[in-house]
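The values are calculated or read from the model by the stated rules, or taken from the named source; none is laboratory data. What you see is a predicted model, and the numbers here were worked out from it, not measured in a lab. Cβ atoms come from the backbone with ideal geometry, glycine included; neighbour counts cover every protein chain shown.
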Amino acid sequence: MTAPVIIRDWRQVPDALRGCTLALGNLDGVHLGHLAVLRAAHAARPELPLAALTFEPHPREYFRPDDPPFRLTPLPAKAAALGAAGASAVFALSFDAALANMPAEAFVEEILHQALGARHLACGADFAFGHRRGGDATVLGRLAEARGIGLSVVPQVTDAQGPISSTRIRRLLQDGYPERATEKLGRPWEIRGEVVHGDKLGRVLGWPTANIWLGGHLEPARGVYATTVMLADGRELKAVSNIGRRPTLGGDPQTRLETFIFDFSGDLYGQEIGVRLRHFLREDRTFEGLEPLKLAIAEDERQAREILASLDLGPAEPR
């Protein structure tokens, strides 16, 4: 599927992208609840282009810049997931002081109506917008109707534990339950980044790893995971990964993701890869030297291969 067009400035919307049916929200994670909003936008006006409107940075990052990273999907991953769900455009509005202070009515009139020419809107029942979150779904319906814009308000998608939300998914990942997060997302959660040089110790130990920094991603439970890796050429390969700060080796100031890709040889330095968490094997821990560490890594590999053996990755994804 073609990647969606990303528009950051609502004052410069090409004419070709105006007049869409539009899903609204922060959409972090693009989970099953968000996908329901996207489907509702399309179902209401299937003859119109489907787009999504979100905010970058996430408003929480703007108002609480000192919080630890919490994002499930940085903008490229969010746009890719929205594109895979059918959106042809993503309006990732720059969330700055002007937008934070814009009253709800001005948001609807100036952005949704005049700039985007939206014909139909869809949002979750808990959607809030405008200065100090002064607008909700009811206010949005009234303001949209006055401008001839339709609105679909989508009830929360729930499971046995309650509403599916980005907060719940973050907690599942931080507690070491990637399979449960996969159920709420509709796909495995992925950490994507550029492969960087390490100290080559993995190569010395017998398990050469592709290393990436977590960057702005949420930090999941530290430890060892059975994973799959999306390479730049579209192949998805099986692997075992460690997320941590390498306490046995003296500790790192930042959390890194180290991945040993099974039965693979090649140079990945400088390439972007995506590591998909499939199963949590064990927590991060300190070993009494390199020999116990090597034994533990060998057992991690064995368990990961066993767990991933039944996973049918299918043909390589087109890029």
In the stretch 210-221, residue surrounded by the most Cβ atoms within 10 Å (Cβ to Cβ) [restricted to those that are modelled with pLDDT under 95 and assigned to a loop (DSSP other than H, G, I, E, B)]: Leu214
Criterion (at pLDDT 85 or above and closer than 21 Å to Ala181 by Cα) met by exactly one of Ser265, Ser241: Ser241
Exclusive hit being at pLDDT 95 or above, surrounded by fewer than 18 Cβ atoms within 10 Å (Cβ to Cβ) and not charged (D, E, K, R), set Val204, Val157, Val153: Val157
Looking at the stretch 278-291, which of the residues that are loosely packed, with under 13 Cβ neighbours inside 10 Å and not small (Gly, Ala, Ser) is nearest to Gly176 (Cα to Cα)? Glu283
Filter result for Leu72 (modelled with pLDDT of 95 or more, buried (at least 21 other Cβ atoms within 10 Å of the Cβ), of a type outside the set (Ser, Thr, Tyr) and in contact with a helix residue (DSSP H, G or I) (Cβ under 9 Å, 6 or more places away or on another chain)): yes
Scanning for something in contact with a His (Cβ under 8 Å, 6 or more places away or on another chain), surrounded by fewer than 15 Cβ atoms within 10 Å (Cβ to Cβ) and not polar (S, T, N, Q), does the stretch 170-185 turn up at least one residue? yes
All positions within the stretch 8-32 that are assigned to a loop (DSSP other than H, G, I, E, B), buried (at least 18 other Cβ atoms within 10 Å of the Cβ) and out of contact with any His (no Cβ under 9 Å at 6 or more places or on another chain): Trp10, Val13, Gly29, Val30, His31
Out of (1) more than 16 Å from Glu190 (Cβ to Cβ); (2) modelled with pLDDT of 95 or more; (3) in contact with a Phe, Trp or Tyr (Cβ under 9 Å, 6 or more places away or on another chain), the odd one out for Arg302 is which? (3)
Looking at (1) surrounded by fewer than 18 Cβ atoms within 10 Å (Cβ to Cβ); (2) modelled with pLDDT of 95 or more; (3) closer than 22 Å to Lys294 by Cβ, which one does Pro247 not meet, given that it meets all the others? (2)
What about Arg142, is it of a type in the set (D, E, K, R), assigned to a helix (DSSP H, G or I) and farther than 27 Å from Ala232 by Cα? yes
Which residues, counting only those in the stretch 115-127, are under 14 Å from Leu53 (Cβ atoms) and surrounded by fewer than 18 Cβ atoms within 10 Å (Cβ to Cβ)? Gly117
Taking the condition under 24 Å from the mean Cα position of the chain (by Cα) and in a helix (DSSP H, G or I), does Leu121 pass? no
If I filter the stretch 100-114 down to residues being out of contact with any strand residue (DSSP E or B) (no Cβ under 8 Å at 6 or more places or on another chain) and under 12 Å from Gly19 (Cα atoms), which single residue comes out as surrounded by the most Cβ atoms within 10 Å (Cβ to Cβ)? His113
Can you name every residue in the stretch 94-114 that is of a type in the set (Gly, Ala, Ser), more than 18 Å from Ala51 (Cα to Cα) and touching a residue at least 40 places away in the same chain (Cβ under 8 Å)? Ala100
Of the conditions (1) more than 30 Å from Arg18 (Cβ to Cβ); (2) in contact (Cβ under 8 Å) with a residue 12 or more places away in the chain; (3) crowded, with 17+ Cβ neighbours inside 10 Å; (4) not polar (S, T, N, Q), the single one that Ala144 does not satisfy is (1)
I'm told Leu35 meets every condition in (1) in a loop (DSSP other than H, G, I, E, B); (2) within 21 Å of Val157 (Cβ to Cβ) except one. Can you identify the failing condition by its number? (1)
